[in-house]
Every structure is written in structure tokens, then in C-alpha cells.
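A.B. asks: Can you read through this structure? Questions will come right after.
The values are calculated or read from the model by the stated rules, or taken from the named source; none is laboratory data. Because the structure is a prediction, the values reported are computed rather than measured. Neighbour counts run over all protein chains shown; Cβ positions are idealised from the backbone, glycine included. Note: areas computed on protein heavy atoms with side chains; ligands, DNA, RNA excluded. Shrake-Rupley method; radii C 1.70, N 1.55, O 1.52, S 1.80 Å.
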Amino acid sequence: MIRNEPASRSNDLADRPLRHLTDHPREHSEPRTIVIRHGSGWQSLAFLCICLLVLAVVLMGHQALRELDGQNHDATVTMARIERKMQQLESGIAFDSNRRYLQLGMRDHIMRVNPRMSLADAYPYAELALQASDKYPINHPLLLLAIGTVESGYDPQSKSRADARGLYQIWPSTGRLLLRALGWNYDETALYDPEKNTQAAALYLDILFSTYSDPQMVLAEYNGGPLNAGYFRAGVGQLAPETRSYVPRVIELYERLKGDFEKGFQVRLEIMHRDPQREGKTLVGPPRRPAP
């Protein structure tokens, strides 16, 4: 009896009718309403305008910064150009001042060497030496001044026993070649021309300096020719006595002139106003003689 209880229970469950879930009454629920609120259009438009305005301000600021950078760059370039011009102007003024000072010192030296020379002649001779030095930079104008002093005492009509002529004592055979190289015709009076003689001497020295690195050898050949320069280098007795004393004299005078220029020439500017006929002259005329 006990064993048949489970079977009877299962039969009872099977006899019960199934009830659908839908048969249970649902609980009454309130309907839900979703409300979507749409913002007004002017707020979006205002936000967009603000964004565009900020972007425009940023772009304008960026453009302004670029323009400022360009102006600063242009100003820097302009200032650098002005500074370069000022430096060039200052250097040019200093160069002209030194050149003028050197020319006046050379003029006074020439007049001391040759007292017979007038101011109107001494000044152009100094200018000729400076121009020759500009054309052939290897030649210092004070070296030309020293050579002219020792060679001729700055006498343009000077002529040596060996027929060397002019300010810088150039032989006719050498002068003929030098003047033709300079584009001038040669005649018997050409080397007495101060300009031609100065240019020929500067060209000759330029050629010698390109051959020798020793100024002593340059001066030895300038004074006595290539054979004499060889004797000077070898130190043999065949060296001409004139060259033996000429080379140290020119070098010593050149060094002394350089030292004088570095220390300062005693330029006598008042010499330009010397006039022996002006003594006793005044604005009111000559003094009256006392009545007898």
C-alpha cells in the first residue's frame, strides 16, 4: 500500500488541468510617457557664432603675430645694414684720415730732404708714391719714400754716374721695358717725369718682391742688378761698395719712418701758409713812416 502512494500522487497531478499563464490577471500598470524636449534654435546659433568669433580672433592674433615677426625681422635686417654702412663709413673716414696724415708727413720729409723743392712739388710727389702703393700693394709708400731719399734725395732731375735717372734712379735699359709695360712710350726724357719714374719704380719693386722673399735681396738687385744681388746673397767681395752701404741705409730709414708714423709725424701745417712777402702786411696797410 505504501509503495503505490507515489503512483497515485502522480496520477492526481496528471488529472489536474493545466492553467495558462495568461489566465492570471496582470497587475494594472500606469502608462509611461517619454517627453523629448527640443531646445530653441537661437541658442545653437549663438553658440556657433561664439565659436566662429573665437576662431576669428585666434586667426587674427596669429596673423598679427606673423606681421610683428616680419616687421621685427625687417627692422633687424635694416639695423644690421645701417650698422655695416656706419662701420664702412667710419673705416673709410679713418682710412682717409690716416692716408691724409701719411701724405702730409711724407710731404714734409721730402721738403726736408730736398730744401729746394717747393710745397707745390713735394705734395704731388707724396701723392704719386701713395697711388703707386695702391696699385702695387706690396710696396709700402714709406719704402718708396726711403728709396727716393737714398737714391736721388728726391731730385727729379738727378742722374748718377751709371746713367740712372729720376726720382728713383732707374737705368734707361730697365726703364724702357718698364714704361712699355705700363703703356707709355720711352724717350730720353721719360724717366725725368716724376709720375712715370714713380710708376716704373713701383712696378720694378713689385716684380722683385715676387722673385725674392727677402727685402735685402730686392734692394740689392734694385740698386745693382741681378748679378749684384747674387754677390750680396753670397757675401763675396765682388759686391759693389755702393750696394753694401745702400741696402742697410734704405732698410734703416724705412724702419725709422715707420716708427715716426706710428708715433706721429710732426706735421707742419703752417708751412702751407708761409709767404715771405707777407711780413709786415696788415689789414690797414704798411706802417706809416714818421714825418721828418
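A.B. asks: Probe radius 1.4 Å, ligands and nucleic acids left out: which of Thr76, Thr149 has the largest accessible area, and how do the rest follow?
C.D. replies: If we order Thr76, Thr149 from most to least accessible, we get Thr76, Thr149.
A.B. asks: Where the centroid of each part is defined by its Cα atoms, how far is the range 223-260 from the range 153-173 in Å?
C.D. replies: 17 Å
A.B. asks: How would Lys135, Lys258 line up by accessible area, probe 1.4 Å, largest first?
C.D. replies: Lys135, Lys258
A.B. asks: Sorted by average packing, counted as other Cβ atoms within 10 angstrom per residue and highest first, what order do 190-196, 43-49, 172-178 take?
C.D. replies: Going by the mean number of other Cβ atoms within 10 Å, highest first, we get 190-196, 172-178, 43-49.
A.B. asks: R0 = 35 Å: FRET efficiency of Ala75 with Val54, Cβ-based, nearest 0.05?
C.D. replies: Using R0 = 35 Å, I get an efficiency of 0.65.
A.B. asks: Probe 1.4 Å, all protein chains in place: accessible area of His73 in Å², nearest 10?
C.D. replies: 120 Å²
A.B. asks: On a 1.4 Å probe surface of the protein chains, which of Val58, Val113 comes out largest in accessible area, and what is the full order?
C.D. replies: Descending accessible area places them as Val58, Val113.
A.B. asks: Please calculate how many Å² of accessible area the range 157-227 carries per residue, with a 1.4 Å probe and no DNA, RNA or ligand atoms counted.
C.D. replies: On a per-residue basis, the range 157-227 sits at 48 Å².
A.B. asks: With labels modelled as points extended 7 Å from the Cα through the Cβ direction, what inter-label distance (nm, one decimal) is found for Arg116 paired with Arg66?
C.D. replies: Modelled inter-label distance: 8.1 nm.
A.B. asks: Sticking with this one: Given a Förster distance of 25 Å, report the FRET efficiency between Leu177 and Arg99 from their Cβ-Cβ distance, rounded to the nearest 0.05.
C.D. replies: So, using R0 = 25 Å, E works out to roughly 0.25.
A.B. asks: Just read off the accessible area of Asp134 with the full protein assembly in place, 1.4 Å probe, to the nearest 10 Å².
C.D. replies: The accessible area comes out at roughly 90 Å².
A.B. asks: Here's a follow-up. Using a 1.4 angstrom probe and counting only protein chains, how large is the accessible area of Glu67 in Å², to 10?
C.D. replies: 100 Å²
A.B. asks: Could I have the simple spin-label model distance between Arg84 and Arg256, label points 7 Å from Cα toward Cβ, reported in nm to one decimal?
C.D. replies: With each label point 7 Å from Cα toward Cβ, the separation is 4.6 nm.
A.B. asks: Moving on. Percent of accessible area on the range 58-213 owned by carbon and sulfur, 1.4 Å probe?
C.D. replies: Ligands and nucleic acids excluded, carbon and sulfur give 55 percent.
A.B. asks: Continuing with the same structure: Under 18 Å from a label point 7 Å along Cα→Cβ of Gln157: give me every residue in the range 179-220 with its amide N that close.
C.D. replies: Backbone N within reach: 188-197.
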